[in-house]
Amino acid sequence: MKVNHSKIVDCTIRDGGLVNNWDFSVEFVQNLYAGLNEAGVDYMEVGYKNSPKLLTGAENAGPWRFLNDDFLRKVIPQKGNTKLSALVDIGRVDESDILNREESMLDLIRVACYVKDVDKALQLVKLFHERGYETTLNIMALSNVMENELIEAFEMIKDSVVDVVYIVDSYGSLDHNDIKFLVDKFKTHLPNKRLGVHAHNNLQLAFSNTLVASELGVELLDASVYGMGRAAGNCPTELLVSQLKNTPYKLRPVLDVVERLMIPLREKEEWGYIIPYMITGSLDEHPRSAMAIRSSKDKDKSVDFYDKLTTPEVTFEQK
């Protein structure tokens, strides 16, 4: 029997934090980690490692927005087999905040960037690599990237130290054919790199796109419990755990987390497949306009929203 080489990276706290401003209790995160560890999930992305000094509005966000190693050590004093990951953004991370891996609770640091900043991202990757971390480069908004830009980026990436390069469907607009096309392109130009995928669920394709990527040999699969993530959310962890073939994952502990933690949270916070997010996904647009409409009194006026987005001369007024 062929062993499945897929590894799940659960992003519930990091990407889900974009929904509730990282307002998760310590107990919530501890319970989530325990459940994921029992389920055999490979990585838990426990937040961002950005610096509060380099971001506005930092004082209002929960601690998972700016992970502090001492804090993390108190939250998860005993790590199990599930490794810990954090994400950083270009220009928002203070290098002096990053300890050497042997002094840190983190195992993996992922660098997110747009294609124009791949050179800057790779400088950060090199720093984290030198400090002993596993590294990934997550190129965002690939659906809006010209092929020549991607080829230029590949030239820089192929000789870099980065471990894994991510195909990111930021707008949730890609289908299985797009995923096949991109995986083939990444494999052709980066034959020496492992690949990852991060899918959004605007068109209800996050799960199937992730499965397609896995079948094509993509190794790191991003997901979140109950699909919690910004706007339409992500590929649900529980679906991957239940459907990936020839893996040691256990579904019951993830269902327990859904029941105890996520169902009550979903009553307070909104994420997932919702029509304005479907509209931005189908138009291959950033979900910010849909997020704005969902937080307004016109949140269910989908026809009006669609007409505004598809009428070239209309602009959204800033309220």
**Asked** Percent of accessible area on the chain owned by carbon and sulfur, 1.4 Å probe?
**Response** 50
**Fill in**
The distance between the Cα centres of the stretch 76-105 and the stretch 127-151, in whole Å, is 18
**Asked** Counting only protein chains, not ligands or nucleic acids, how are Leu18, Leu54 ordered by accessible area (probe 1.4 Å), most first?
**Response** Leu54, Leu18
**Prompt:** What nm distance separates the two modelled labels at Ser296 and His176, each placed 7 Å from Cα along Cα→Cβ?
**Reply:** 3.7
**Prompt:** Taking only protein heavy atoms and a 1.4 Å probe, what accessible area per residue, in Å², does the stretch 242-314 have with all protein chains in place?
**Reply:** 62
**Prompt:** Residues of the stretch 14-76: accessible area per residue at 1.4 Å, in Å²?
**Reply:** 40
**Message:** I'd like to check one number: the per residue accessible area of the stretch 105-175, probe 1.4 Å, reported in Å² as a whole number.
**Reply:** 37
**Prompt:** Say R0 is 51 Å: what FRET efficiency, to the nearest 0.05, do Lys79 and Thr311 get from their beta-carbon distance?
**Reply:** 0.45
**Request:** Please list, in chain and number order, the residues 5+ apart from Leu84 or on another chain whose amide H is under 5 Å from its amide H, with Hs placed from the backbone.
**Result:** Met44, Asp107, Leu108
**Exposure rule at most 10 other beta-carbon atoms within 10 Å, DSSP loop GluC sites (Glu not before Pro): the chain longest free segment** = 1-266
**Request:** Please work out whether the stretch 202-319 counts as rounded, prolate or oblate from its C-alpha gyration tensor, where a ≥ b ≥ c are the square roots of the eigenvalues and a/c under 1.5 means rounded, while otherwise a/b larger than b/c means prolate and anything else oblate?
**Result:** oblate
**Message:** Once you compute Rg and the Kirkwood Rh from C-alpha atoms, what is the Rg to Rh ratio for the stretch 14-150?
**Reply:** 0.97
**Prompt:** Under a 1.4 angstrom probe, counting protein chains only, how are Thr247, Thr280 ranked by accessible area, largest first?
**Reply:** Thr247, Thr280
**Message:** When a/c reaches 1.5 or more, the comparison of a/b and b/c decides; with that in mind, is the stretch 244-292 rounded, prolate or oblate per its Cα gyration tensor?
**Reply:** oblate
**Request:** Pop the C-beta distance of Glu267 and Glu149 into the FRET formula with R0 = 35 Å and round what comes out to the nearest 0.05.
**Result:** 0.25
**Request:** Go ahead and run the numbers for FRET between Asp107 and Ser25, Cβ-Cβ distance against an R0 of 22 Å, rounding to 0.05.
**Result:** 0.40
**Request:** Quick one: grab the alpha carbon gyration tensor of the chain, order the square roots of its eigenvalues as a ≥ b ≥ c, and give me rounded if a/c is under 1.5, else prolate or oblate depending on whether a/b is larger than b/c.
**Result:** rounded
**Unit Cα scatterers, Debye sum, the stretch 178-226: log10 I(q)/I(0) for q = 0.18, 0.20, 0.23 Å⁻¹** = -0.53, -0.63, -0.81
**Item:** Over 21 Å (Cα to Cα) - which of Lys7/Lys268; Lys158/Lys187; Lys83/Lys250; Lys49/Lys79 fall in this group
**Value:** Lys7/Lys268
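The values are calculated or read from the model by the stated rules, or taken from the named source; none is laboratory data. Values in this document were obtained by computation on a predicted structure and should not be read as measured data. Positions of Cβ are backbone-derived with ideal geometry, glycine not excepted, and every protein chain shown enters the neighbour counts. Note: areas computed on protein heavy atoms with side chains; ligands, DNA, RNA excluded. Shrake-Rupley method; radii C 1.70, N 1.55, O 1.52, S 1.80 Å.
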